[in-house]
Amino acid sequence: MGLLDGKKALITGARKGIGRGIALTLANEGADVGVNDIVDDETSRRAAELISKRGVKGTFHAGDVSSVAGINAVIDSFLEEHGQIDILVNNAIFPDQSRPLFDTDEVYWDRMMDLSLKGYFFGSQRAAKEMIAQDSGGRIVCLASVHAYVAIENWTAYGTAKAALRRMVKGLAVDLSGHNITANCIAPGAISNKLPEGYDDVIDGPPHDSAWLEARIPAAKGGLPSDIANAVLYLTSDLGQYVNGETILVDGGMIASKKMTD
Amino acid sequence: MTTTKLLEGKKALITGSRRGIGAGIARLFAEHGADVGINDVVRDTEADKTMASIESLGQKTSWHQADVGKTEDRTRLLDEFVASHGRIDILVNNAVASADIHFTKITEEFWDNLVGHALKGYLFLAQGAVNRMIEHGHGGRIINISSVHSYRAWPHDTVYGIVKAGLNRMVMSMAQDLAGTGITANCVAPGYIDSRVLTEEEEPERGSADNLGSALSFIPSGRGGVPRDIAGACVFLASDLGDYVNGQTITVDGGLLSGGVPPDSQPLEPGQPGAME
């Protein structure tokens with residue numbers, strides 16, 4: 001028996017990294033999980049396969065969640081497989097997350113806002129509609145970031161979108177009052193892309209610079225996707241049922257530390 | 001009850017745990033496999049009930065009468081707990097007693113008493129626990145119970161709000177100074193929590209919307225919080241699930257702070273204790 005037995009969860013951007021970590025952690029606790037990603041390849045299907053191996057239902061739903069039509073298609077596909085939606089984790093983001101201020105053109109800005117703000121909003125709106133129709137309550141979790149709190153060079157567009165998500169979940173909490181739906185953010189700090197054993201590592205990009213981390217994070221180590229996944233597990237399980245409109249930082253104390261912006 | 005036990009074998013001391021939120025934390029910790037020390041200023045039938053419920057879950061419990069506002073009591077409390085359990089893995093600073101008082105009526109005595117208990121008391125109990133955790137060498141967890149009053153002002157809550165805001169800031173420094181020890185320090189900030197003493201028959205009514213009155217319209221989750229909600233956040237922070245959460249305050253308020261609506265409580269009427277003249 002797990003903390004999420006029988007729940008149906010959709011995780012966007014879950015082909016690898018933090019998204020895959022969340023998908024497999026929720027599956028470990030008994031949830032049926034739909035993996036979404038814009039990339040449809042063997043790795044994506046492997047994520048769904050790893051979920052099924054845990055004795056729950058794992059499905060893959062390819063799609064771009066940066067438009068309303070795209071989100072609706074993904075949620076339709078999820079509902080077709082799972083019948084209902086109890087948990088939505090908005091996690092999708094493209095790899096090119098930081099850009100210098102004067103290189104940030106309209107195309108980049110729109111891409112950032114479409115995926116990580118508009119996409120998260122309309123995904124939440126659609127999921128909430130389904131949850132209300134099901135009369136089952138539900139949980140919406142958005143991935144924010146430490147960049148929602150402080151400015152680090154070249155992260156303005158990303159940080160702006162992430163800061164807006166902190167306010168967005170408060171609005172969802174208030175507007176969804178009476179429907180037993182909670183909406184919250186998890187704000188990761190520096191997270192390595194190393195997945196635990198059994199999650200089938202898919203590492204692309206360089207690992208974090210450990211000297212940089214040690215100088216800035218009291219926990220003196222980078223976080224793992226499983227740290228973020230565990231916070232999502234808390235919010236989506238009964239343990240977190242009264243947390244609403246909140247953003248939980250999972251950063252090893254990075255933001256609390258004065259060294260952050262050195 | 002879950003079969004996923006998140007605190008198996010942990011030794012936890014929870015202050016102010018004879019009833020209310022503290023007792024709720026103690027019970028959920030025990031459900032998750034922790035042995036729990038119960039502390040309060042007096043032992044009564046509520047304390048006995050709390051301890052019996054922990055024993056019925058198959059966990060060890062110990063009683064520690066102490067006033068965390070007193071230096072000698074704090075030291076004795078930690079010594080007693082360690083003597084009983086062998087070590088301390090988790091400290092939850094929860095004990096507090098306060099009263100509404102208008103700003104103009106705050107006396108030095110009132111200030112010294114509340115700050116002495118709920119800010120100074122928490123700091124030095126945490127320091128004592130941390131020193132014992134470092135000595136033992138296996139890390140640990142410090143959790144302070146803060147409040148939504150740390151973020152927003154309600155009528156007549158000046159000193160209480162200051163103390164709670166101080167706790168949020170305290171854990172940030174602890175995260176910084178305890179780097180490398182494997183100890184994390186965090187706060188949980190409850191909103192409106194129905195912590196009344198109820199009979200077993202009345203227990204299902206706990207947190208129900210019927211008892212909320214005007215407060216209900218300010219709580220998006222549509223019910224009052226219950227001690228178990230605060231306990232859930234403490235289990236998260238105290239377990240491996242919360243390993244990378246450090247120096248942080250988690251608000252558990254059913255969305256109370258999300259709205260921009262005014263606070264729900266009414267100022268004291270003239271003539272009531274603590275009211276402005």
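The values are calculated or read from the model by the stated rules, or taken from the named source; none is laboratory data. This one's a predicted model, so the numbers in the text were calculated from it and none came from an experiment. Methodologically, a virtual Cβ is constructed for each residue, glycine included, from the backbone with ideal geometry; neighbour enumeration extends over all protein chains shown.
The table below lists the values:
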| read-out | value |
| --- | --- |
| Options B:ALA118, B:ALA185, B:ALA215, B:ALA129; residue that is over 25 Å from B:ARG76 (Cβ atoms) and aliphatic (A, V, I, L, M) | B:ALA215 |
| Selection within the range A:221-230 - facing chain B (nearest Cβ under 7 Å) and touching a helix residue (DSSP H, G or I) at 6+ places or on another chain (Cβ under 8 Å) | A:ASN230 |
| Residue in the range B:20-36 that is surrounded by fewer than 18 Cβ atoms within 10 Å (Cβ to Cβ) and free of Cβ contacts under 8 Å to residues at least 60 places away in the same chain present | yes |
| Verdict on B:GLY116 being in a helix (DSSP H, G or I) and in contact with a helix residue (DSSP H, G or I) (Cβ under 9 Å, 6 or more places away or on another chain) | no |
| Tabulated pairs, the range A:4-25, first more than 18 Å from A:TYR234 (Cβ to Cβ), second among the basic types (Lys, Arg), C-beta under 7 angstrom, 6+ apart or interchain | A:ALA14/A:ARG20 |
| Tally of residues being in a loop (DSSP other than H, G, I, E, B) and either under 18 Å from B:ALA95 (Cβ atoms) or away from chain A (no Cβ under 13 Å) (or both) across the range B:153-181 | 5 |
| Options B:ALA23, B:ALA97, B:ALA12: the member that is over 18 Å from B:ALA126 (Cβ atoms) and outside any loop (DSSP other than H, G, I, E, B) | B:ALA23 |
| Residue within the range A:87-104 that is over 24 Å from A:LYS194 (Cα atoms), out of contact with any helix residue (DSSP H, G or I) (no Cβ under 7 Å at 6 or more places or on another chain) and part of a helix (DSSP H, G or I) present | yes |
| The listed residue being within 21 Å of the chain's Cα centre (by Cα), part of a loop (DSSP other than H, G, I, E, B) and within 7 Å of chain A (Cβ to nearest Cβ), out of B:GLY222, B:GLY254 | B:GLY254 |
| Some residue of the range A:120-132 being under 18 Å from A:THR12 (Cα atoms), at pLDDT below 95 and under 19 Å from the mean Cα position of the chain (by Cα) | no |
| Any chance B:LEU241 is outside any loop (DSSP other than H, G, I, E, B), within 10 Å of chain A (Cβ to nearest Cβ) and either out of contact with any helix residue (DSSP H, G or I) (no Cβ under 7 Å at 6 or more places or on another chain) or among the charged types (D, E, K, R) (or both) | no |
| Which listed residue is within 15 Å of the chain's Cα centre (by Cα) and either farther than 19 Å from A:VAL250 by Cβ or crowded, with 21+ Cβ neighbours inside 10 Å (or both), from A:SER98, A:SER136, A:SER145 | A:SER145 |
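Matching residues to (1) at negative phi; (2) exposed (fewer than 15 other Cβ atoms within 10 Å of the Cβ); (3) hydrophobic (A, V, I, L, M, F, W, C):
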residue	(1), (2), (3)
B:HIS64	yes, no, no
B:ASP67	yes, no, no
B:ASP73	yes, no, no
B:ALA95	yes, no, yes
B:SER98	yes, no, no
B:PHE103	yes, yes, yes
B:ILE106	yes, no, yes
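Results for (1) buried (at least 23 other Cβ atoms within 10 Å of the Cβ); (2) within 27 Å of B:GLY116 (Cβ to Cβ); (3) touching a residue at least 12 places away in the same chain (Cβ under 8 Å), shown as yes or no for each residue.
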position: B:VAL163; (1), (2), (3): yes, yes, yes
position: B:ALA175; (1), (2), (3): yes, yes, yes
position: B:SER195; (1), (2), (3): no, yes, yes
position: B:GLY225; (1), (2), (3): yes, no, yes
position: B:ASP229; (1), (2), (3): yes, no, yes
position: B:ASP240; (1), (2), (3): no, no, yes
position: B:LEU268; (1), (2), (3): no, yes, yes
